[in-house]
Amino acid sequence: MTLEKEVWLQNLTWEDVKQKTTASQGTIILPIGSTEQHGAHLPVGTDTMVANAIAEAAALKAGILVAPPLWFGWSPHHLVLPGTITIRAEVLIEVAFDVIKSLSNHNFDKFILLNGHRIVNVAWMQIAAERAKRELGVKVIIFDPAYMSKEFTGDMEWGEVGHAEEIEGSHMWYCHPDLVKMERARDNPHQHDRIYHVDPRYSGDTLCYVPSSPAEMERLAEKSGGTSGESTKASQELGQKYHQHLVDRMLEAIAFLQKLA
């Protein structure tokens, strides 16, 4: 078995898991993504695939395990285009909690919830994480790429966080070049509003994010095929640098978690 396969919980026997639980100080990553439309150029599994890539690379270096990913997220606003599967937030809370509870029965007590479905999944993940900390006595942190790349993306010639834009496109192009169809990418530049910005790096006053309505998403689908941002600016080279930044920050997050009292 290759080292990459050995970091995934589902590839191991229970005896292997028991040994690695001790070696990893009871630390495990749970990737959580989505299955939803990502424009005409990226696969619907993008959010989960990039979360898996970050988790695997960091786990290899840190000597910890990665739990099987949750391939579904809260995506009601993307149902206007085929391929999207959305799970109710209240159901996702229960699923994530049950995963944590199951693993906590076998001496895992430090959890990193790695969110590939940027920003949108965070609200329900926070509820699940708080409940797990309170009821199970475990330690839980949430790692979200949009929040964990504010320093990096601020130095790039990339626009704001959107959907299937140059940031996601670059990352996916590096991680899974065989699944990216850049010739189909369509730009849909952000329409700036003084009081509403989705990107966490925006420093001004802003309203909180609320997923778009079906009518709003239908207009987006007609205009750009489901993208928000400048998809054609994606770069495989910058995707590699972006990925490495996130892996490095994940390693810092793991060290932070393991030092928590």
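Residues are listed down the side, and each one gets a yes or a no for (1) under 24 Å from GLN258 (Cβ atoms); (2) among the small types (Gly, Ala, Ser):
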| residue | (1), (2) |
| --- | --- |
| GLU94 | no, no |
| LYS101 | yes, no |
| LEU114 | yes, no |
| PRO145 | yes, no |
| GLY159 | no, yes |
| ALA164 | no, yes |
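Residues THR206, THR232: which one is within 22 Å of LEU81 (Cβ to Cβ), surrounded by fewer than 19 Cβ atoms within 10 Å (Cβ to Cβ) and of a type in the set (Ser, Thr, Tyr)? Working first, answer last.
Working: THR206 fails: within 22 Å of LEU81 (Cβ to Cβ).
Checking each option against the conditions leaves just THR232.
Could you check the range 1-79 for helices (runs of 4 or more DSSP H) lying wholly inside it with 1 or more residues that are on the phi < 0 side of the Ramachandran plot and under 12 Å from the mean Cα position of the chain (by Cα)?
Working: elements: 3-6, 14-23, 46-62.
Ranges flagged: 46-62.
Restricting the first residue to the range 128-142 and requiring it to be touching a residue at least 60 places away in the same chain (Cβ under 8 Å), which pairs with a second residue that is surrounded by fewer than 18 Cβ atoms within 10 Å (Cβ to Cβ) and among the polar types (S, T, N, Q) meet a Cβ separation below 9 Å and a spacing of at least six or different chains?
The qualifying pairs are LYS139/GLN258.
Looking at the range 99-116, is at least one residue over 16 Å from the mean Cα position of the chain (by Cα), more than 24 Å from THR21 (Cα to Cα) and small (Gly, Ala, Ser)?
Start the filter on the range 99-116 by keeping residues that are over 16 Å from the mean Cα position of the chain (by Cα), which leaves 99-110.
Those left that are additionally more than 24 Å from THR21 (Cα to Cα): none.
Looking through the range 99-116, none of the residues is over 16 Å from the mean Cα position of the chain (by Cα), more than 24 Å from THR21 (Cα to Cα) and small (Gly, Ala, Ser).
So which of GLU183, GLU252 ends up being under 18 Å from the mean Cα position of the chain (by Cα) and assigned to a helix (DSSP H, G or I)?
Working: GLU183 fails: under 18 Å from the mean Cα position of the chain (by Cα).
Unique residue meeting the criteria: GLU252.
Each reported figure results from applying straightforward, stated rules to the coordinates on display, with no laboratory input. Quick caveat: nothing in here was measured; it's all calculated off a predicted structure. Cβ atoms come from the backbone with ideal geometry, glycine included; neighbour counts cover every protein chain shown.
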